[in-house]
Amino acid sequence: MPRYKLTIEYDGAPFFGWQVQETLPSVQGALETAVKAMCGQDVRVHGAGRTDAGVHALGQVAHVDIEKPFPPDRLRDGLNAHLRPHPIAVLSAEIVPESFEARFSAVKRHYRYRIVNTRANLALDVGHAWRVSRKLDTDAMHAAAQRLLGKHDFTTFRDTECQAKSAEKTLDQLDVLRDGREVTILTSARSFLHSQVRSMVGSLVWVGEGRWTADDLAAALAARNRAACGIVAPPEGLYLVRVDY
């Protein structure tokens, strides 16, 4: 039975996250319905990351086993036809060895968080960025962010419902960049805890607004206590950009 690797883009706004839910729309559920419509087979589509409700993806990766072999381009085009009108696009499909696992074979995940730093209401970016009205000191945010790099216990930045066995993660990148009113936060690691990126972003915004210093952020990390976290950034600004294998 061939195993296919799918690279997928989606707007997370209409979905209650990646993971299948019994009565609520999900990205995984829409993909599985599309495969069944094309192949007549009930399948499980396994994703590299379980993005939360409202979170977007530019390069989510999944694998699926399909009994009937298809040329990869035909599978891509057929799935896209059956996915309409959902805001989901299969960008590519390729045959991979049976040992390939979208989640467990991944060596690094890359996320982007978009902030629009403006007093004006959002128009085109509604649902796709977080509007922060107070002027952000992005230099201070970037300097503080470097205190989170490396291997740490990230309990402070971990959702209370996170099911990971350990809160210890190694953060490889956390950069804060500004281009006009747009503030972009780029982060990468082998894996992240539930809500870790949004929790770090919210705390960095407190630094940018002058509520916290870099030392305050470091103290929050050292506390290993969820109560020490700043605010949690909303999901609509978060994008899963790429997964490396």
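The values are calculated or read from the model by the stated rules, or taken from the named source; none is laboratory data. Keep in mind the model is a prediction, meaning the values are calculated, not measured. Backbone-built Cβ (ideal geometry, glycine too); neighbour counts: all protein chains shown. Just so you know, the surface numbers come from the protein's heavy atoms only, side chains and all, with ligands and any DNA or RNA stripped out. Shrake-Rupley method; radii C 1.70, N 1.55, O 1.52, S 1.80 Å.
Would you calculate, for the chain, the mean residue ellipticity at 222 nm contributed by helices, counting each DSSP H stretch of 4 or more residues as -39,500 (n - 2.57) and dividing by all residues, to the nearest 500? My calculation for the chain gives -7000 deg cm²/dmol from helical runs alone.
Highest mean first, the peptides 186-192, 68-74 sorted by other C-beta atoms within 10 Å per residue fall in the order 186-192, 68-74.
When a 1.4 Å probe is rolled over the protein heavy atoms, the share of accessible surface on the range 154-219 that falls to carbon and sulfur comes to 43 percent. Cβ-Cβ distance of Leu58 and Asp153, R₀ of 41 Å, FRET efficiency by 1/(1 + (r/R0)^6): the value works out to about 0.85. Kindly state, to the nearest 0.05, the FRET efficiency for Asp215 paired with Ser99, given R0 = 30 Å and r defined as their beta-carbon distance. Step by step, r from the Cβ atoms, then E = 0.05.
Ala89 sits among other residues whose Cβ lies under 13 Å from its own Cβ, and their net charge, with Lys and Arg +1 and Asp and Glu -1, is -1. Annotation: lysines with alpha-carbon distance below 26 angstrom to Lys151 (same-chain offsets under eight excluded): Lys108, Lys165, Lys169. [x] -0.60, -1.21; [y] -0.49, -1.30; [z] -0.59, -1.33: which one is log10 I(q)/I(0) by the Debye sum over Cα atoms at q = 0.11, 0.17 Å⁻¹ as calculated from this entry? Read-out from the structure maps to [x]. Over all orientations, the range 1-138 has a Cα convex hull whose mean projected area works out to 9.9 square nanometres. Measuring nothing but alpha carbons in the range 61-152 and taking Rh as the Kirkwood radius, the Rg to Rh ratio lands at 1.13.
Under the rule that an exposed site lies in a DSSP loop and has at most 11 other Cβ atoms within 10 Å, name the longest stretch of the chain with no GluC sites (Glu not before Pro) of that kind, not counting the sites themselves. The longest such stretch corresponds to 162-245.
State, to one decimal in nm², a quarter of the convex hull surface area for the C-alpha atoms of the range 101-245, i.e. the direction-averaged projected area. In nm², the orientation-averaged hull projection of the range 101-245 is 8.6. Taking all protein chains as they are arranged and a probe of 1.4 Å, the heavy atoms of Asp244 leave approximately 40 Å² accessible to solvent. Multiplying the residue separation of Ala143 and Glu67 by 0.36 nm and removing their Cα-Cα distance gives an extension gain of 22.2 nm. In terms of the Cα gyration tensor, with a ≥ b ≥ c the square roots of its eigenvalues, is the range 195-245 rounded because a/c is under 1.5, prolate because a/b exceeds b/c, or oblate? Prolate, because a/c is 1.5 or more and a/b exceeds b/c.
Counted residue by residue at 0.36 nm each, then reduced by the alpha carbon distance between them, the extension gain from Asp42 to Asp175 reaches 43.7 nm. If you count only protein heavy atoms and use a 1.4 Å probe, how large is the accessible surface of His63, to the nearest 10 Å²? Counting only protein heavy atoms, His63 exposes about 0 Å² to solvent. Which whole-number percentage describes the relative contact order of the chain, with Cα contacts under 8 Å and a sequence gap of 6 or more? Relative CO of the chain lands at 23 percent.
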